[in-house]
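Enquirer: I am attaching a structure below and will ask some questions about it afterwards.
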């Protein structure tokens, strides 16, 4: 039987793309199960009284996911995307077991270290594989669909787990549901997912210059400080997930402290990622048409306004729900656009390690956010912590507006664009484009 030729495009690779979208939904569900239950489990079942102690699981998750992203980006070219995806789901299998038998909060923190590794491997690979399949022309739309599926999974799992936990033991709900999700996603990945190495080679061959994947040290320097188009995205990504750490670990405690029921906590925990997830389908497509920078700046400033509204809400459910929806819209503007901007700025052969560095800094935001929110909340209260994060988010939006100059987020699919041996994008004359 002859092998089908490798082609780029969303429609041409619809079956594999759709499968990866579904698997991304399972990736998001693993985190969503914790959104409305785990902070309250720490307070009620393990007797934690310090906000910093409760949020230690977010810090552990963020650190492990960040460093896994860094390693995954470097290893993807060498070991293959599919192998790392399967490895990520294998690592997820002990997570529900550790939470279920945990005699102390330390076990829960260890489980979230493994969850961070799972998320770093699985989400990184599904993101990169979708970019590989569709090529440069519809990259923003593809990433919008990817992130919509992931955070749709977060929203559904957060709301469903809170609803079930209102009549069943929250810890039991978390354990059983996480086990089902991990096993199902592992089976799908092993049986049906195909690697995308041929698609990467095909896209790279369309460039005028041959290239090799840059070493991790070069990709790290480019995405951290050397290239404005990349460092701006890395910084904005870190602050964005700092926000998410606050929403994940502190907002449930903030609402509960003001008398919200578990169902109301679950509703707010679900509204934010639901709006975020659904909105990305449109915003990813929009960024292909109007450019990346306007959406990133607008999204960061809208996030800051939403957090300021939440800080002033005194925990009132209606106001908190509105703030959650606005936060979701702001995040939808930012999240797929940042990854698309990173992918625009490098050639296909440099994509995996550069995206890995970006995702390292983005998910380091969970660790920074968990520490910041927990310590500031212990010192200034919940409202003070939320206000501080709102200020940081506004400052980040202003930074992107200044640092990401027009023309630096150009796409790499245009005619006459190639790659130097270090992965930097250049035109036919060898002039650096970004």
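The values are calculated or read from the model by the stated rules, or taken from the named source; none is laboratory data. From a predicted model like this one, the values you see are computed outputs, not experimental measurements. Reconstructed Cβ throughout: ideal geometry from the backbone, glycine too, with neighbour counts over all protein chains shown.
Enquirer: Might you let me know whether the stretch 147-158 holds any residue that is surrounded by fewer than 24 Cβ atoms within 10 Å (Cβ to Cβ), closer than 25 Å to residue 267 by Cβ and in contact with a helix residue (DSSP H, G or I) (Cβ under 9 Å, 6 or more places away or on another chain)?
Expert: Of all residues in the stretch 147-158, those surrounded by fewer than 24 Cβ atoms within 10 Å (Cβ to Cβ) come to 152, 156.
If we keep only those that are closer than 25 Å to residue 267 by Cβ as well, we get 152, 156.
Those left that are additionally in contact with a helix residue (DSSP H, G or I) (Cβ under 9 Å, 6 or more places away or on another chain): 152, 156.
Yes, the conditions are met somewhere in the stretch 147-158.
Enquirer: Kindly evaluate residue 267 against the criterion of being under 22 Å from the mean Cα position of the chain (by Cα) and under 21 Å from residue 168 (Cα atoms).
Expert: On the way: under 22 Å from the mean Cα position of the chain (by Cα): yes; under 21 Å from residue 168 (Cα atoms): yes.
So residue 267 fits the description; yes.
Enquirer: Which of the residues that make up the stretch 90-111 are in contact (Cβ under 8 Å) with a residue 12 or more places away in the chain, part of a helix (DSSP H, G or I) and over 16 Å from residue 179 (Cβ atoms)?
Expert: Within the stretch 90-111, 105, 109, 110 qualify.
Enquirer: Exactly one condition in (1) touching a helix residue (DSSP H, G or I) at 6+ places or on another chain (Cβ under 7 Å); (2) surrounded by fewer than 24 Cβ atoms within 10 Å (Cβ to Cβ); (3) outside any loop (DSSP other than H, G, I, E, B); (4) in contact (Cβ under 8 Å) with a residue 60 or more places away in the chain is not met by residue 87; state its number.
Expert: Unmet for residue 87, out of (1) touching a helix residue (DSSP H, G or I) at 6+ places or on another chain (Cβ under 7 Å); (2) surrounded by fewer than 24 Cβ atoms within 10 Å (Cβ to Cβ); (3) outside any loop (DSSP other than H, G, I, E, B); (4) in contact (Cβ under 8 Å) with a residue 60 or more places away in the chain: (4).
Enquirer: Let me ask you something else. Which of the residues spanning the stretch 71-82 are in a helix (DSSP H, G or I), surrounded by fewer than 23 Cβ atoms within 10 Å (Cβ to Cβ) and in contact (Cβ under 8 Å) with a residue 60 or more places away in the chain?
Expert: Keep residues of the stretch 71-82 that are in a helix (DSSP H, G or I), which gives 71-79, 81-82.
This time we only want the ones that are surrounded by fewer than 23 Cβ atoms within 10 Å (Cβ to Cβ), so: 71, 74-75, 77-79, 82.
71, 74, 77, 82, listed by residue number.
Enquirer: Okay, moving on. Right, residue 285: in contact with a helix residue (DSSP H, G or I) (Cβ under 9 Å, 6 or more places away or on another chain) and closer than 23 Å to residue 348 by Cα or not? So that I can check it myself, show each step before the final result.
Expert: On the way: in contact with a helix residue (DSSP H, G or I) (Cβ under 9 Å, 6 or more places away or on another chain): yes; closer than 23 Å to residue 348 by Cα: yes.
Against the criterion (in contact with a helix residue (DSSP H, G or I) (Cβ under 9 Å, 6 or more places away or on another chain) and closer than 23 Å to residue 348 by Cα), residue 285 qualifies.
Enquirer: Looking only at residues in the stretch 99-109 that are closer than 21 Å to residue 27 by Cα and crowded, with 19+ Cβ neighbours inside 10 Å, which one is nearest to the chain's Cα centre (by Cα)? Before you say what the answer is, go through the steps one by one.
Expert: Here is the first cut: in the stretch 99-109, the ones closer than 21 Å to residue 27 by Cα are 99-100, 108-109.
Then keep just the ones that are crowded, with 19+ Cβ neighbours inside 10 Å; that gives 99, 108-109.
On the way: 99: 23, 108: 21, 109: 20 Å.
This residue is 109.
Enquirer: Hand me the list of helices (runs of 4 or more DSSP H) wholly inside the stretch 1-60 holding 2 or more residues that are under 15 Å from residue 256 (Cβ atoms).
Expert: Numbers: elements: 14-35, 38-44, 51-54.
Of the helices (runs of 4 or more DSSP H) lying wholly inside the stretch 1-60, those with at least 2 residues that are under 15 Å from residue 256 (Cβ atoms) span 38-44, 51-54.
Enquirer: Scan the stretch 315-351 for residues that are more than 21 Å from the chain's Cα centre (by Cα) and touching a residue at least 60 places away in the same chain (Cβ under 8 Å) and jot them down.
Expert: Initial filter on the stretch 315-351 (more than 21 Å from the chain's Cα centre (by Cα)): 315-322, 347, 349.
Answer for the stretch 315-351, where residues must be more than 21 Å from the chain's Cα centre (by Cα) and touching a residue at least 60 places away in the same chain (Cβ under 8 Å): 315, 317, 320, 347, 349.
Enquirer: Hey, another quick one. Residues to consider are 354, 337, 331; find the one that is surrounded by 24 or more Cβ atoms within 10 Å (Cβ to Cβ), in contact with a strand residue (DSSP E or B) (Cβ under 7 Å, 6 or more places away or on another chain) and under 26 Å from residue 227 (Cα atoms). Walk me through it before giving the result.
Expert: On the way: 337 fails: in contact with a strand residue (DSSP E or B) (Cβ under 7 Å, 6 or more places away or on another chain); 331 fails: in contact with a strand residue (DSSP E or B) (Cβ under 7 Å, 6 or more places away or on another chain).
From the options 354, 337, 331, the qualifying one is 354.
Enquirer: A follow-up question, please. Look through the stretch 60-70, keep the residues that are crowded, with 21+ Cβ neighbours inside 10 Å and within 15 Å of the chain's Cα centre (by Cα), and return whichever of them is farthest from residue 35 (Cα to Cα).
Expert: If we filter the stretch 60-70 for residues that are crowded, with 21+ Cβ neighbours inside 10 Å, which is where we start, we get 60-62, 64-66, 68-70.
Among the residues that remain, those that are also within 15 Å of the chain's Cα centre (by Cα) are: 61-62, 64-66, 68-70.
Details: 61: 13, 62: 14, 64: 18, 65: 17, 66: 19, 68: 21, 69: 21, 70: 25 Å.
Across the stretch 60-70, the extreme among qualifying residues is 70.
Enquirer: From the set of residues in the stretch 233-258 that are part of a helix (DSSP H, G or I) and farther than 30 Å from residue 353 by Cα, which is farthest from the chain's Cα centre (by Cα)?
Expert: Within the stretch 233-258, the first condition is being part of a helix (DSSP H, G or I), and the residues that meet it are 233-249, 251-257.
From what's left, farther than 30 Å from residue 353 by Cα: 251-257.
Numbers: 251: 19, 252: 20, 253: 23, 254: 24, 255: 24, 256: 26, 257: 28 Å.
Going through the qualifying residues, I end up with 257.
Enquirer: Same structure again: Which residue pairs have Cβ atoms under 6 Å apart, sit 6 or more places apart or on different chains, and have a first residue in the stretch 149-176 that is at pLDDT below 85 and a second that is in a helix (DSSP H, G or I) and surrounded by fewer than 19 Cβ atoms within 10 Å (Cβ to Cβ)?
Expert: 166/263
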